[in-house]
Amino acid sequence: MKDKLRVMQMIDSLSIGGAERVSVNYANAIAQAGHFSFHCTTREEGMLKEFLDAQVQSLFMQKKSILDMRAYGRLVRYIKENDISIIHAHSSSFFTAVIAKLFTGAKIVWHDHYGHSEKVSERQSLALKVGSLFFSYVISVNKLLEAWAKEALYIGKSKVEYIPNYADLTFDETIPNIPGQEGKRIVVLANLRPQKDHINMLRAFKSVLNKGYDDWHLLLVGRDWNNAYSDSLKEYIKMHEMNENVSILGGRNDTAQILKHCDVGVLSSESEGLPMALLEYGLASLAVVSTDIGECSAVLDDGRVGKLVQIRNSELLAEALEELLGDSKARESYASLYYEHIKLNYSKDMMINKIIEIYKAI
């Protein structure tokens, strides 16, 4: 019992997103490795809560403002009652973790999932820099963020490390309720946010449809905030009469099954760290097209196991898609190569063993 860690993953929300998935994956893996695992959601619960392992104890902090003292009291009591010694804080939850540390003495591992890593020099980071005085370790999801943390944060460079994300999907025989026909589906797994550049994908897909691939269907899977960005996508689809070939599915809790019933996965982002979607495409054995941004090139082995294209270039994206849609053998070959690459280089066991080493060291 003395050798068992007592670790809490902390995230502000459990709505579907990359950082949120990582927090759930880590909580589950730590429990499955035989340690005491806890998960805290500070502000908003969501679909991902149902994916927490039964062995993981969870707390919804119900934080309503930045200094909600009742919520902090609830968190501090929980940490003390469960003798939690490490808080693994993801993204913006670092502030809550620092407050908790002041009252409990728990160590903080901060996990940086910042999605605009190409513009990290412009990052508003005063609160983060002050907070870093209380961090015991920093994990970055790509090398740009690792370099930034070593220079910008008040923590020793030896305590900052790039550790790739890993995906963990469970497939079953359930057939998801999705449009399109088997063998003719493209999926973009990304919340509807400007950095994901869905309009780039829509322009490319319009070109593909005009080339005679009108039996293919594009699924946009991810949270829809029904805002101006979302409205612009819907207007483009309507204006170009693509309603019969494009479906916005919103956030779904059956993404594993959706991916299993698609054929090509696309990432059209103009900014990324190391996107979970790319890793999940690999586990689902999809052929992949991705913009060359963040760690995407490394994930796709410099284009050897998937197609890489320049950001914001719908013509090149369309060409890459046409090559895959028009050649089923090429799709199958890329899908097989990519699956093996992900299993070998982004395995759950490899990453979790590294994380546990960090926990034990601090």
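The table below gives the values:
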| item | result |
| --- | --- |
| Among the residues listed as 161, 146, the single one being closer than 23 Å to residue 360 by Cα, in contact with an Asp or Glu (Cβ under 9 Å, 6 or more places away or on another chain) and free of Cβ contacts under 8 Å to residues at least 40 places away in the same chain | 146 |
| Residues located in the range 23-47, provided they are assigned to a strand (DSSP E or B) and polar (S, T, N, Q) | 37, 41, 42 |
| Some residue of the range 115-133 being at pLDDT 95 or above and among the basic types (Lys, Arg) | yes |
| Residue within the range 90-113 that is closer than 20 Å to residue 272 by Cα and aliphatic (A, V, I, L, M) present | no |
| Meets criteria (without any contact (Cβ under 8 Å) to a residue 60 or more places away in the chain, more than 30 Å from residue 33 (Cα to Cα) and of a type in the set (Gly, Ala, Ser)) for residue 306 | yes |
| Residue 39 vs. criteria touching a residue at least 24 places away in the same chain (Cβ under 8 Å), within 20 Å of the chain's Cα centre (by Cα), closer than 26 Å to residue 3 by Cβ and crowded, with 22+ Cβ neighbours inside 10 Å | yes |
| Residue that is surrounded by the most Cβ atoms within 10 Å (Cβ to Cβ), among those in the range 267-306 that are under 15 Å from the mean Cα position of the chain (by Cα) and within 23 Å of residue 174 (Cα to Cα) | 281 |
| Residue 96 over 14 Å from residue 11 (Cα atoms) and among the hydroxyl-bearing types (Ser, Thr, Tyr) | no |
| Out of 50, 20, sole residue that is in a helix (DSSP H, G or I) and surrounded by 17 or more Cβ atoms within 10 Å (Cβ to Cβ) | 20 |
| Failed criterion for residue 63 (all others in (1) crowded, with 20+ Cβ neighbours inside 10 Å; (2) out of contact with any helix residue (DSSP H, G or I) (no Cβ under 8 Å at 6 or more places or on another chain); (3) part of a loop (DSSP other than H, G, I, E, B) hold) | (2) |
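Okay, residues lined up against (1) in contact (Cβ under 8 Å) with a residue 60 or more places away in the chain; (2) of a type in the set (A, V, I, L, M); (3) out of contact with any Gly (no Cβ under 7 Å at 6 or more places or on another chain):
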site: 211; (1), (2), (3): yes, no, yes
site: 217; (1), (2), (3): no, no, no
site: 230; (1), (2), (3): no, no, yes
site: 242; (1), (2), (3): no, yes, yes
site: 245; (1), (2), (3): no, no, yes
site: 250; (1), (2), (3): no, no, yes
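The values are calculated or read from the model by the stated rules, or taken from the named source; none is laboratory data. Quick caveat, the model's predicted, so the values are computed rather than measured. Backbone-built Cβ (ideal geometry, glycine too); neighbour counts: all protein chains shown.
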